[in-house]
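Before any comments, here is the structure.
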């Protein structure tokens, strides 16, 4: 696999070395998010004739004056009927510089869990606000969720600039208000772009209607935004996913630990510690189906072989010895409750899935419920309902091998599963590992 | 960082997609008892099988493959299927629509297309073999209902998809827990586009059935779609077959999969053609999606891929 990273022989003229960027979009109802995405796809020529024809026909049949670009992204029957976006939709487009995966997340209050879903894997989040409405509660909630999920970059898109007479002062006011809120959240200074998704201003090319704005168009920004390879720069973590033992005549004694690098860089010869046993070993080789590689870093899927006879299984973790992950049966986590049938209550028993390890757990304490609008803490809260966020203590039957989420998005995240319904009832971010 | 040289820290997009696919293959093999990979010998399933091969090397792929055989096949495709399966040493299970028709479990639809009756045949095979996870080659860029489906897509005892009640999918933490009789459809190519698939086929030098490349074929023009003239497609009054150079962008039931005019007879030319094309893969070739705006959603609710 890494032979494909630098080997120019494997890059044909048709496959330029493009990077993958994942971004999520968040906006309130009627902020024009679907229209923005439709516009981005339409103007970057990522839509096909049959898709355009279908949307034009549907728009005309509904008596719309122009093609309703939101119809490109609203796919389910109920969405088209009600004119709303229900579920996270994934969209794809490419420019010569980058391949984009968009998680299009609905903005309604009741669908916060979708916002968390989209933001959990995003490198960049676009937060859309209506220039006429300024920052509404929803925008703050979206920004807060992005900060909670540690999305590395935020972009504030002030939409519907056409409806405020392309006013620079309106834009600057919203930008300042948003920056102040972002500072309060401790997130890096967000980029801000004034746009009109409906008319295409500042989406792909710079708008002539807003000469006072001297920044990039949205697409230019997305193509150029530097997403620090933060995952590589922290301590190496390799959750063992699967043990490969061919037990064939060609490979009688082969034993390899397959998985995806969660963080850091590992090389053959590196000394490592295997958790939870704490035994140390040395990496004898890092292999892929295409041959051995000199180093492995996120998000590579590889097979690591260790010197000596160790008993390593799925759910174990290979770490650097000087800064290993915590081995703990008690963690504190900020959780977003996603179940609409039953609330979280202290004492509840669940299964926690964390990296490649599933463990039984009990919620020993609900420390507080967070008001995502005021950021206030309600310490009197006794439960968390759908879309509520709170800090809990979890006690697990067997140890978790984990880091704090702000340090490591992979080894700091977990999901909570209801053992009766098997539903995924919460997403959690570990805030303390003891 | 204690190292002097910083690593080459970014993976190119095909490597990143491959790494994700391999991760999903291993996750399913580790978490489920009886996984199976849906293999139609179409280009997406060929790529998916390559990911499976890479995920477990140097061991063999630890699960069988399943082909839902409509009986309306292109002979080249069946020959290719058998060859590829033999090369990899995997077990092939066939869920046969003709057998189901013969036994009366399903009835031939009036319009001659067996697309819709594949679903009960697939579900019967799942029940018979007690498969609990099924890898499918569907991509989210193919169709708007697919754009909203999870990578681990939960199906109830009847194989049905409920788009309003999907499990949240956060980070790369996939919930594999199910009750007996339920199953998960897993889509490791969810984040790939048609162009990614072809670039990967070129990079990996993957062999495909010949019908993916331009060739002379006798076709008829039906509502703007070019259908091959064969025993599965009775000519309608007034239809006049003609021979032209075509290729297939998708390989499905020969009665509902159309060809496109093409001169692209190599993988490089196909990539050029796709880069310039202005019509989606399913829009150009699939009669089955033209039924309504939500044809795919409706079929998926019934248990279709």
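The values are calculated or read from the model by the stated rules, or taken from the named source; none is laboratory data. Here the structure is a predicted model, which means the values were calculated and not measured. Heads up, the Cβs are rebuilt from the backbone with ideal geometry, glycines too, and the neighbour counts pull from every protein chain shown.
Quick rundown of the values:
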| quantity | calculated |
| --- | --- |
| Among the residues listed as A:180, A:191, the single one being in contact with a strand residue (DSSP E or B) (Cβ under 8 Å, 6 or more places away or on another chain) and either over 25 Å from residue A:147 (Cα atoms) or assigned by TED's automatic domain parsing to the domain that holds residue A:156 (or both) | A:191 |
| Selection from segment A:35-69 of residues that are more than 12 Å from every other protein chain (Cβ to nearest Cβ), at pLDDT below 70 and within 29 Å of residue A:97 (Cβ to Cβ) | A:67, A:69 |
| Any hit, segment A:195-211, residues being within 14 Å of chain B (Cβ to nearest Cβ) and out of contact with any helix residue (DSSP H, G or I) (no Cβ under 6 Å at 6 or more places or on another chain) | no |
| Complete set of residues in segment A:256-277 that are within 12 Å of chain B (Cβ to nearest Cβ), more than 21 Å from residue A:414 (Cβ to Cβ) and assigned to a strand (DSSP E or B) | A:256, A:257, A:258, A:266, A:271 |
| Condition met for residue B:11 (touching a helix residue (DSSP H, G or I) at 6+ places or on another chain (Cβ under 8 Å) and either more than 14 Å from chain A (Cβ to nearest Cβ) or modelled with pLDDT under 95 (or both)) | yes |
| Filter result for residue A:148 (more than 22 Å from residue B:149 (Cα to Cα) and either outside the structural domain of residue A:36 (by TED's automatic domain parsing) or modelled with pLDDT of 90 or more (or both)) | yes |
| Output for segment A:401-423, where each listed residue is over 27 Å from residue A:187 (Cβ atoms) and either outside the structural domain of residue A:365 (by TED's automatic domain parsing) or touching a strand residue (DSSP E or B) at 6+ places or on another chain (Cβ under 6 Å) (or both) | A:401, A:417, A:418, A:419 |
| Every residue from segment B:118-156 that is under 19 Å from residue B:181 (Cβ atoms) and within 13 Å of chain A (Cβ to nearest Cβ) | B:132, B:152, B:153, B:154, B:155, B:156 |
| Residue A:187 vs. criteria within 14 Å of chain B (Cβ to nearest Cβ), within 30 Å of residue A:95 (Cα to Cα) and in a loop (DSSP other than H, G, I, E, B) | no |
| Verdict on residue B:177 being closer than 30 Å to residue A:429 by Cα, within 23 Å of the chain's Cα centre (by Cα) and either within 14 Å of another protein chain (Cβ to nearest Cβ) or surrounded by fewer than 22 Cβ atoms within 10 Å (Cβ to Cβ) (or both) | no |
| Verdict on residue A:387 being within 14 Å of chain B (Cβ to nearest Cβ) and touching a helix residue (DSSP H, G or I) at 6+ places or on another chain (Cβ under 7 Å) | yes |
| Subset of segment B:202-212 (residues that are away from every other protein chain (no Cβ under 14 Å) and more than 16 Å from residue B:75 (Cβ to Cβ)) | B:207 |
| Those residues of segment A:296-338 which are in a loop (DSSP other than H, G, I, E, B) and within 25 Å of the chain's Cα centre (by Cα), in sequence order | A:297, A:298, A:299, A:300, A:314, A:315, A:316, A:324, A:325, A:338 |
| Qualifying residue in segment A:234-250 (condition: modelled with pLDDT under 90, buried (at least 16 other Cβ atoms within 10 Å of the Cβ) and not in a strand (DSSP E or B)) | yes |
| Some residue of segment B:81-90 being crowded, with 22+ Cβ neighbours inside 10 Å, at pLDDT below 95 and more than 12 Å from every other protein chain (Cβ to nearest Cβ) | no |
| Among (1) crowded, with 16+ Cβ neighbours inside 10 Å; (2) outside the structural domain of residue A:397 (by TED's automatic domain parsing) - the single one residue A:331 does not satisfy | (2) |
| Of all residues making up segment A:298-323, the number that are within 14 Å of another protein chain (Cβ to nearest Cβ) and farther than 12 Å from residue A:243 by Cα | 8 |
| Residue tally, condition within 30 Å of residue B:229 (Cβ to Cβ) and surrounded by fewer than 22 Cβ atoms within 10 Å (Cβ to Cβ), over segment B:45-76 | 8 |
| Qualifying residue in segment A:361-380 (condition: buried (at least 21 other Cβ atoms within 10 Å of the Cβ) and either within 24 Å of residue B:178 (Cα to Cα) or assigned by TED's automatic domain parsing to the domain that holds residue A:120 (or both)) | yes |
| Members of segment B:251-272 found to be more than 14 Å from chain A (Cβ to nearest Cβ), part of a loop (DSSP other than H, G, I, E, B) and closer than 26 Å to residue B:117 by Cβ, listed by number | B:251, B:252, B:253, B:254, B:255, B:256 |
| Residue list for segment B:16-42, restricted to those being modelled with pLDDT under 95 and either out of contact with any strand residue (DSSP E or B) (no Cβ under 7 Å at 6 or more places or on another chain) or more than 7 Å from chain A (Cβ to nearest Cβ) (or both) | B:40, B:41, B:42 |
| Residue in segment A:408-418 that is modelled with pLDDT of 95 or more and surrounded by fewer than 16 Cβ atoms within 10 Å (Cβ to Cβ) present | no |
| Residues being in contact (Cβ under 8 Å) with a residue 24 or more places away in the chain and within 14 Å of chain A (Cβ to nearest Cβ) - total across segment B:224-249 | 2 |
| Residue in segment A:83-90 that is under 21 Å from residue A:197 (Cα atoms), within 24 Å of the chain's Cα centre (by Cα), modelled with pLDDT under 75 and facing chain B (nearest Cβ under 10 Å) present | yes |
| Count - residues of segment B:33-57 that are in contact with a helix residue (DSSP H, G or I) (Cβ under 8 Å, 6 or more places away or on another chain), within 17 Å of residue B:248 (Cα to Cα) and assigned to a helix (DSSP H, G or I) | 4 |
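Listed here are the residues, each with its yes/no results for (1) assigned by TED's automatic domain parsing to the domain that holds residue B:18; (2) within 23 Å of residue B:255 (Cα to Cα); (3) at pLDDT below 95.
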{"site": "B:106", "(1), (2), (3)": "yes, yes, yes"}
{"site": "B:112", "(1), (2), (3)": "yes, yes, yes"}
{"site": "B:136", "(1), (2), (3)": "yes, yes, no"}
{"site": "B:147", "(1), (2), (3)": "yes, no, yes"}
{"site": "B:150", "(1), (2), (3)": "yes, no, yes"}
{"site": "B:159", "(1), (2), (3)": "yes, no, yes"}
{"site": "B:177", "(1), (2), (3)": "yes, no, no"}
{"site": "B:186", "(1), (2), (3)": "yes, no, no"}
